[in-house]
Amino acid sequence: MRSPIALAVVVAIGCVGPRGPAPERAEGPGGSAHFHVRVDESLTTLWAEICFAGEPPSALIPMTEAARELLVHVYDSEGEALPMDDPDRIDLGRFGPGDCVHYEVDLQGASRTSRGALRRRGDLLITQSLWLWAPSQRPDTASYTVEFELPRGMHVSVPWARDGDHYLLEESCFRTAGNSVFTFAEPRRFERSGVSVEIARLPGELEVDGPTLDRWIGAAVDAVAGLYGTFPRDRLHIVTVPAGPGSRPVAFGLVRRGGGASVMLLVHENADADELVSDWTAVHELTHLTMPLLKSGDAWLSEGVATYYQEVLRARAGLQTEEEAWANILDGFERGSAVGTRRTLSDEARDMRQTGAYRRVYWGGTAFVLEADVRLRAQTGVSLDQLISRSQGAWPRRSTWQGRAVMHRFDRLAGERLLVPLFDRYADSHRFPDLSEVLGELGVSRRNGAIVLDDDAPLAHVRESIMSPIRGVPERGLVAVRGK
Ligand SMILES: [Zn+2]
């Protein structure tokens, strides 16, 4: 079951992180830099030293408003304080090649004042956007490395690529919120479906142990790899947060993309192993990673993709039956049609934090994705799986996509103008979509509460192909597309 409150929390925090300022691209200054980061045992303060290999950038800039407020001191290697007149920048005008700048961040204040920080007993989950200041110029040729110096027994867990004793920062680390965890519990690490998984566990009561968490996340990774054959990332960072008792296994999940993929999952203490493995939340959150970040008015599309596939992929992976998947989809359509402000789906998605019309947005989006996948398969022989698969290389070209641009790309790949008109119709629709015709063609109905699947329905073969495990990814029918 999906509680409206928990769902509201997922969306209120957002499946997306805040975006930092765009970098000033400039010739010359802003070469490679090395960050040396220290914290104290009680995690009250973070000290960062940044040393520049070449000419330093003109300034360091905060990624968020909160980061400005948490900055305590800035000084040079002789300990001489730098003036902090402009809260929007640490001016580096007096620094030259090889120089280092130092700054101090109030971690205690972060967990008191910011939604980006969560303290549990002696551990801290904090978005790097609160403590990592960005070089104002970041040429493509520059590399940024981070090394941590931690108190005895403390570990750091981050979604970043590791190289020996230091981490390599991707550009997204300076633009988008990501998770960093300072913890006294050793992170769990394993490989699954070609993905390096790291799980950081915040302390608290949980019925399940570490190996069970591995099994749960491993099953979700396998399920999402069932979308087109491989998981969309090489690395996956997970943070589990115990959430007290609850009627469902997982209270909510949240994807952050800064520095790599990281998913926070709030787990109820009474959840057992089987409940976690068959729950939809982890599969939903991981499915978001197969798509790019979309602008807020198109949240109905990103949530529709994640909600559609949370049901389809669990059926393909054997985590639920095909009948259970259809029952969940039909239930969702019923709940989605019962709420909303009768404005367009696009307006509803933009304002869902204020209106609380999450179910209309999530399930209205799911209706679109189901209809899109069915029409594609029936009319072009190409599946949505294939279009998503073929677009992975294109997603990083923009930090945020328009939903319509994604549909345009898919239409060009499928060789038919099909999804853009359908997208426009859904985006502008004031009513919850009526999928009875599509479900009838697929042969999906409900009689006396039970799902009935009709193998003689005209599109029964499409229904079967949607819910069956993929067998490789045939390229047949796809048109080569040069990305913009
Ligand atoms: Zn979502």
### Query
Could you state the principal axis extents of the C-alpha atoms in segment 175-214, from the largest down, to the nearest angstrom?
36, 26, 14
### Task
Sum -39500 (n - 2.57) across every DSSP H segment of at least 4 residues in the chain, then divide by the residue count to get the 222 nm mean residue ellipticity, nearest 500.
-10000 deg cm²/dmol
### Query
Which GluC sites (Glu not before Pro) from segment 129-233 combine a DSSP loop assignment with at most 10 other Cβ atoms within 10 Å?
none
### Task
Evaluate Rg over Rh across the chain, taking Cα atoms for both radii and Kirkwood's formula for Rh.
0.99
### Query
Under a no-solvent Debye model with one identical scatterer per Cα of segment 33-184, what's log10 I(q)/I(0) at q = 0.09, 0.10, 0.13, 0.19 Å⁻¹?
-0.26, -0.32, -0.55, -1.25
#### Entry: Peptides 311-321, 69-79, 425-435 ordered by average Cβ neighbours within 10 Å, highest first
311-321, 425-435, 69-79
### Summary
If N is the residue count of segment 185-290, its Cα Rg over 2.2 N^0.38 Å rounds to 0.97
### Query
More than 15 Å apart: what percent of Cα pairs in segment 364-469 qualify?
67 percent
### Query
Excluding Leu289 itself, what net charge comes from residues whose Cβ is under 10 Å from its Cβ, given Lys and Arg +1 and Asp and Glu -1?
+1
### Task
List the extent of the Cα atoms of segment 292-365 along each of their three principal axes, largest first, rounded to whole Å.
37, 29, 15
### Message
Restricted to Cα positions, what overall size does segment 25-65 have along the principal axes? Three whole-Å values, descending.
### Response
42, 25, 10
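FYI, it's all coordinate maths here, none of it is from the lab. Every value quoted in this text rests on a predicted model; they were computed, and no experiment measured them. We place every Cβ from the backbone using ideal geometry, glycine too, and count neighbours over all the protein chains shown.
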